[in-house]
1. Which of Glu67, Glu339, Glu118, Glu113 has the fewest other C-beta atoms within 10 Å, and how do the rest follow up to the most?
2. Given points 7 Å out from each Cα along the Cα-Cβ axis, report the Asn316 to Leu77 separation in nanometres with one decimal.
3. Work the Kirkwood hydrodynamic radius out for region 227-383: mean of 1/r over every pair of different alpha-carbon atoms, inverted, in Å.
4. For the pair Asp176 and Lys325, what calculated FRET efficiency results from E = 1/(1 + (r/R0)^6), where r is the Cβ-Cβ distance and R0 = 30 Å, to the nearest 0.05?
5. Tell me, what ³J(HN,Hα) does each residue in region 241-248 have, in order and in whole Hz, if you take phi through Karplus 6.51 cos²θ - 1.76 cosθ + 1.60 with θ = phi - 60° and put x for Gly and Pro?
6. Roughly speaking, what is the stretch gain from Lys281 to Glu59, that is 0.36 nm per residue apart minus the C-alpha to C-alpha distance, in nm to one decimal?
7. Would you pull out the residues with amide H under 5 Å of Arg319's amide H, same chain only if 5 or more places away, H placed 1.01 Å from N?
8. Non-local amide H neighbours of Phe234 (under 5 Å, H modeled in plane, Pro and chain starts lacking H): which ones?
Amino acid sequence: MRLLKRLPASFWGIIRFSQRFQSNGRPTAPLGSRILLDPDKVFDHNMWDHMQWSQEEEERAKDKARENSLVRIQPELQDKYESEASQYWNEFYKTHRNNFFKDRNWLFLEFPEILPEEARVHCMEVDTRIREDNCCCENNPAIKMSSAHNVGSCSDCSAATPPSVKQSGDEFPGSDATYRILEVGCGAGNSVIPILRATCNIPRVFLYCCDFASEAVELVKSHPFFDPSRCLAFVHDVSDDASPYPFPDQSLDIILIIFVLASLHPDRIQGTVNRLARLLKPGGMILFRDYGRYDLSQLRFKKGACLSENFYLRKNGTRVYFFTKDEIHNLFSSAGLIEVQNEMDQRLQVNRKKKMKMYRVWIQSKFQKPLPMSQSKQESCSM
Ligand SMILES: C[S@@+](CC[C@H](N)C(=O)[O-])C[C@H]1O[C@@H](n2cnc3c(N)ncnc32)[C@H](O)[C@@H]1O
């Protein structure tokens, strides 16, 4: 395995994406470029990127986590939160509908791999329009946007032949697509809907999304931009090994896992990652973002909310784990994937009104399934 790690990414056919730069020469990605150089200016912005913690700050965070983990929730109660996990998330979506999470509009900047290579330029062009909350169909001035606009019936969108959702013999929903994306734990569709909007002009892209909370899946399906000819939304528990997917192994180009693995019981995460890795085509990629160790939300837990080390119960019955970079590396490498990116996203979030500073920590990663030896050699020769 050590030898595998030492081989250059190009050997595996891994595509490294050039960093894009702002006009001032600073990279806009990965993970932002607003660096706090002058501490006196800390309250000038709401967020600062790439914050390094001092040793003192790190020790203080460790102490807080140690303190709030002293009391553990009883085992019988822990079993209940595991067996009824989907019900707690269902209640969450009944209460909050689609008003809790924001659309993940940073997706295309941080994860350009979401789209087929030939479509990335188009996506970057539409990126600004999506940020401004318009459909990519806005490039056609004849199309007036309204919340009732359905991409499935939009003439601009349907100019591209969408893959059909039919099933017979070897066929499966999206089987005639050439590029397939799955989002697991899709929630109310805060990634799915922006992806559907960005891909409405791109032929042969098919999107699958699942969540074990049926309320969430219904929210996605009832969104005005949901298009059943380009997307299949279904109820599925990713941690249930026995539950089949509506497509075969090795059929996906991209799997998106955004703030989902942290909700699983730590004992079930490796099995889940192994199963997901099998769904990827050789060369396919998992794009991941989740909570990092000692994030503000971990340190804010009170005594009595700890389930096990770095795993906590929220007041609403949902659970959250806080990962380190090494844990993420080990999880995905053990599933046979190669690390392309694995970064701690450490930010300083600022409440300018209350003059409060909050340290946020997330992990953002990309892991790729190796290409068969013969194919990766061929690709590196033609470079
Ligand atoms: C924090 S939310 C994130 C939702 C979405 N990915 C986003 O970024 O907005 C976590 C989601 O994971 C889902 N989830 C948790 N455990 C799951 C499981 N075992 N199988 C499928 N979905 C799960 C929850 O229902 C919830 O929608």
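1. Least crowded to most crowded, the residues run Glu118, Glu67, Glu339, Glu113.
2. 2.0 nm
3. 17.6 Å
4. 0.15
5. Using θ = phi - 60°, the values come out as 4, 7, 8, x, 9, x, 8, x Hz.
6. Between Lys281 and Glu59, full extension yields an extra 75.7 nm.
7. Residues meeting the amide H criterion: Arg314.
8. The list, which skips near neighbours in sequence, is Cys209, Cys210, Asp211.
A short reminder: the numbers here are calculations on the coordinates, not readings from a lab. Keep in mind the model is a prediction, meaning the values are calculated, not measured. Note: ideal-geometry Cβ built from the backbone for every residue, glycine included; neighbour counts use all protein chains shown.
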